Structure formats: C-alpha cells, structure tokens
Amino acid sequence: MIKAIGVDFGTTNSVVALLHDNGRVTTRRHATAAAEFDVFRSVLCFWQEEGRGRSILRQAAGPAAIESYLDDPLDSRLIMSMKTYLAQGSFTETRIFGRPFTLERLIGRFLHALLADTGPVPRIIVGRPVRFAGEFPNDELGADRLHGAYADAGLPDVTLALEPEAAGWRFAQTLTEPATVLIGDFGGGTSDFSVLRFKPGAGMTPLGHAGIGIAGDVFDFRIINAAIAPLLGKGDSYRIMGKSLPVPPEYYSGFARWHLLSLMRAPRTLRQIAEVARTADHPQRLHHLIALIEDGLGYALYQAVSTAKAELSRANTTTLRFHHKNFAVERVIAREEFESWIEPDLTRLAATVDQVLAEAGTPPHAIDRVFLTGGTAFVPAVRHLFEARFGLEKLTGGGEFVSVAEGLALIGAT
C-alpha cells in the first residue's frame with residue numbers, strides 16, 4: 001500500500017517517489033524503448049493530425065515527447081523548461097497550433113502524464129524552490145501557479161514543501177547523532193539552500209533558507225553564448241539607413257535559453273532576423289541561425305551542450321560538437337575557460353550561501369555536514385565553493401537526481 005507520494009517537478013527532469021506502508025521509499029520507474037529510468041524528462045511535444053475533416057491536437061510527455069519530436073521536428077512543438085515561467089507575471093498564455101494554453105494548463109498536462117496510473121493516494125507532497133527562476137520572480141505567484149497546475153491535473157489537494165528541506169529529510173536518514181547541516185539543491189533552473197538542525201528521533205528544525213535562479217540552464221546558456229552564438233552572428237553589425245548597428249543581442253539570449261527558443265519560431269521573429277541578415281557583415285551566420293530555429297534544432301543543441309558540460313566535470317578539456325546541414329561546430333573548451341564564463345554566476349551562488357548562513361545565524365565553522373544534490377553539484381567549480389568554506393571532509397552527496405522526491409515522500413509520513 002502507498003501511504004504518500006513525493007513529486008519533484010523539475011526544470012529539466014521530474015521524479016516521483018512512493019512511500020510504502022512499511023516505511024520504505026522507492027522511486028517510480030519510467031520505461032523507454034531502451035531502458036527504465038528514475039527520471040522523467042520535463043518536456044511536452046504537440047503535433048497535429050487530420051481526422052474527420054478537422055485537425056486534432058496530439059501530445060506526448062517525457063521520453064515519448066522527445067521521441068515524437070525527433071520523428072518530426074518541423075511539424076511539432078517541443079515545450080521545455082516550463083517550471084522557469086512559474087513566477088513570471090509576464091507569461092499569461094502561449095498558442096500551440098492556434099490553441100491557447102495557460103502555463104497551468106501546460107504543466108497540468110505534463111503532471112497528468114507523469115502521475116498516470118498511480119492510483120488513489122492519501123497524501124501528495126510536491127516540491128517548490130525557495131526562490132523561483134527568473135530575473136524578478138514573484139514567489140507567491142509561482143507557488144499559486146504550481147498549485148493551479150496540480151489542480152489542472154486533477155490533484156487539487158497537494159502540500160507544497162521546500163525542495164532543499166526535502167533533500168534534508170532524505171539525508172537525515174543517514175545521521176546517527178545531532179548535526180547542523182547545510183543542504184544545497186541544484187536543479188536546472190534554481191539553486192536552493194537550507195540550514196537544518198537534526199536530532200535523531202526528534203526530527204528536524206529549519207534554521208534558514210535562501211535561493212537563486214542560477215543553475216544548470218544558466219551554465220548551458222554561458223556555453224552557447226560564448227562558443228556558439230558568435231558563429232551565428234552575435235557581435236556582428238548590420239546597416240540601416242547608412243548607420244552601422246549591432247545585430248540585436250536578444251536573438252541570442254532567446255536562442256541560448258531553452259524555455260525561450262521555441263518562441264523564436266514565430267514567423268515575425270524569423271522575418272526580422274532575415275531582414276537584418278540582408279545588410280549584415282556576415283549574412284551566412286544569421287542564415288545559420290534561422291535554419292537552426294526553423295528546423296527545430298533546439299533539443300539537439302541542448303544535448304550537445306549538456307554533454308560537453310558533463311565532460312568538463314570529469315576532464316580538463318572537451319570538444320563541443322554540433323552539426324546541421326552546412327553549419328558545423330568543433331570547439332575545444334578547457335575547464336578553466338568554462339569556469340571564466342560562469343564566474344559571475346559562481347559569485348552570486350557564493351553570496352546566496354552566505355545569505356542562508358546569515359539568516360540561520362550559523363557561521364561556516366558551526367556547520368557539521370554539507371549535503372549537495374542535483375546535477376550541477378558535480379561541477380568542480382561549484383564544489384570548490386563549498387570545499388573552501390566548509391572543508392572537503394564535511395561534504396557529502398548522493399541520490400543527485402532522486403533525493404528531493406524521496407525526501408518529499410518521507411515528509412508525507414509526518
């Protein structure tokens with residue numbers, strides 16, 4: 001019997017954990033043609049089919065969405081990084097093949113697929129970041145929209161819990177003596193921190209929380225911005241009425257951010273880029289940009305960049321490889337170079353760690369253990385921030401992709 005479910009709806013991946021009546025926690029497995037995985041990609045794909053004299057809108061979520069998109073990228077719409085929009089009041093709705101979708105409706109459709117066949121459950125605990133993603137996030141709006149998305153999925157009675165606190169509940173299962181612990185939860189869109197006091201048998205006391213909208217997606221943006229965007233016209237000039245002007249930089253901020261890329265396929269945007277290309281210094285670079293957008297190569301580029309980033313966590317250099325038609329990238333990237341690109345982000349991450357310590361009234365030397373979870377926790381420069389402040393001997397990790405969901409399920413027992 002399932003007593004509770006923990007749902008970690010993430011920017012990049014989502015995980016569902018099940019709390020059984022014997023206290024055991026397992027993660028729900030998701031089957032693909034190749035294997036089974038704990039994680040379920042946080043993506044939707046839409047396409048149209050003709051039937052009975054009208055167009056029928058079809059959809060798929062997770063691995064099936066990626067398969068559908070790769071089968072026909074030109075005539076489908078891939079929706080990624082939906083969580084990034086939650087706290088952005090400027091996003092009200094988008095149109096997919098002419099049909100309006102609110103953000104709650106999009107995420108609700110994804111959650112319905114993620115939680116299909118789970119059956120009735122007494123309690124559902126869902127994660128939320130300390131600070132939502134975005135330049136000026138409205139955290140209250142983000143939480144309200146998250147509730148609304150679950151309601152749209154047919155789950156109006158869910159309990160929200162902070163994601164780093166959930167990871168702390170999971171880590172607490174390994175402790176045998178009292179400890180003050182810093183939890184760092186690095187997702188795709190946000191990085192969140194909590195300072196918690198654990199006492200075995202007496203539970204957990206939160207001492208402070210802080211978060212920032214910097215995580216894996218921002219690091220991907222830095223790679224594209226520095227290594228690929230210049231090959232697509234970034235930094236070039238074009239002429240209008242005899243004046244030399246820079247190619248609009250917003251083309252590249254949109255192109256390099258996964259949650260904005262699909263919006264660039266709008267005919268008006270593509271016409272604007274083509275018009276700029278007519279008088280640009282290097283028109284072919286902008287034509288490459290148009291081709292990548294029109295041909296729906298966002299996911300393929302995402303894969304190439306993510307692979308290079310992961311390799312830089314294991315090696316000092318890697319080669320970013322990406323090819324499409326007559327556009328080819330073979331760019332050697334050194335870890336030191338990558339770290340220079342993300343240096344401003346590392347500075348802001350460090351300041352957020354200082355913020356959570358100050359809020360908790362706990363100096364670095366009073367932290368007994370540091371638990372880091374999430375994919376970005378593997379980036380050496382990120383780990384160095386914590387080694388420098390707390391000492392290597394205090395750092396630990398584990399369950400990088402499932403710890404939040406498992407902790408949420410454990411909260412369901414309280």
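The values are calculated or read from the model by the stated rules, or taken from the named source; none is laboratory data. Please read all numbers here as calculations on a predicted model, not as lab measurements. FYI the Cβ positions are ideal-geometry reconstructions off the backbone, even for glycines, and counts take in every protein chain you see. Ligands, DNA and RNA are stripped out before the accessible areas are found, and what is left, the full protein with its side chains, is counted by its heavy atoms. Shrake-Rupley method; radii C 1.70, N 1.55, O 1.52, S 1.80 Å.
Work out the FRET efficiency for L231 and T205 from their Cβ-Cβ distance, taking R0 = 51 Å, and round it to the nearest 0.05. Kindly include the intermediate steps, with their values, before the conclusion.
Details: r = 52 Å, r/R0 = 1.02.
Taking R0 as 51 Å, the efficiency between L231 and T205 is 0.45.
Any idea what diffusion coefficient region 335-414 gets from Stokes-Einstein, in µm²/s, Kirkwood Rh on alpha carbon pairs, 4 °C, 1.567 mPa s?
Working: Rh = 14.2 Å.
My calculation gives 91 µm²/s for D.
By how many degrees, between 0 and 90 and to the nearest 10, does the Cα long axis of helix 343-360 differ from the longest principal axis of the chain?
Approximately 30 degrees, to the nearest 10.
Counting each pair of different Cα atoms once, what's the Kirkwood radius of region 212-335 in Å, rounded to one decimal?
Working: mean 1/r = 0.0663 Å⁻¹.
Final number for the Kirkwood radius of region 212-335 is 15.1 Å.
Once both labels are modelled 7 Å past Cα along the beta-carbon direction, what's the E36-H112 spacing in nm?
Spacing of the two 7 Å Cα→Cβ label points: 2.6 nm.
Using only Cα atoms, what Kirkwood radius does region 1-109 have, in angstroms? List each step's numbers first, then the result.
Numbers: mean 1/r = 0.0636 Å⁻¹.
That comes to 15.7 Å for region 1-109.
Taking the simple approach of a point 7 Å from Cα along Cα-to-Cβ for both T307 and R268, what is their distance in nm?
Distance between label points: 3.7 nm.
For the chain, please report how many Lys pairs fall under 27 Å Cα to Cα, leaving out neighbours fewer than 8 apart on the same chain.
Taking the Cα cut-off of 27 Å, the pair count is 9.
Leaving out ligands, DNA and RNA, what percent of the accessible area of the chain is carbon and sulfur, probe 1.4 Å? The partial results should precede the final answer.
Details: 9300 of 18240 Å².
Carbon and sulfur: 51 percent of the exposed surface of the chain.
Only Lys, Arg, Asp and Glu count, each charged at its Cβ (+1, +1, -1, -1), so figure out the dipole size of region 216-270 about its Cα centre, rounded to 20 debye. Provide the component values of the computation, followed by the final result.
Values: 7 positive and 4 negative charges, 45 e Å.
About 220 debye.
Let me know the Rg and Dmax you get for the chain when you use only its Cα atoms, in Å.
Answer for the chain, Rg first and Dmax second: 22.2, 76 Å.
Accessible area per residue for the chain in Å², computed with a 1.4 Å probe and the full protein assembly in place, what is it?
Numbers: 18240 Å² over 414 residues.
Ligands and nucleic acids excluded, the result is 44 Å² per residue.
Taking the chain as the reference, fit the longest principal axis to its C-alpha atoms, fit the long axis of helix 163-172 to the helix C-alpha atoms, and give the angle between the two in degrees, 0 to 90, nearest 10.
So the inclination is approximately 40 degrees.
Once Lys and Arg get +1 and Asp and Glu get -1 on their Cβ, which of F386, L44, L286 lies farthest toward the positive end of the dipole of the chain?
L286
So what's the net charge close to T26: Lys and Arg +1, Asp and Glu -1, counting the other residues with Cβ under 11 Å from its Cβ?
Taking every Cβ under 11 Å from that of T26, the sum is +1.
Can you give the FRET efficiency for R52 and D72, using 1/(1 + (r/R0)^6), R0 = 25 Å, r = Cβ-Cβ distance, to the nearest 0.05?
Working: r = 21 Å, r/R0 = 0.85.
Working from the Cβ atoms, E equals 0.70.
Could you rank H282, H384 by how accessible they are, 1.4 Å probe, largest area first?
Working: H282 80, H384 110 Å².
Sorted by accessible area, descending: H384, H282.
Quick one: what does P(r) look like for region 207-276 with 10 Å bins over all Cα pairs, in whole %?
Pairs per bin, as whole percents: 17, 41, 26, 10, 4, 1, 0.
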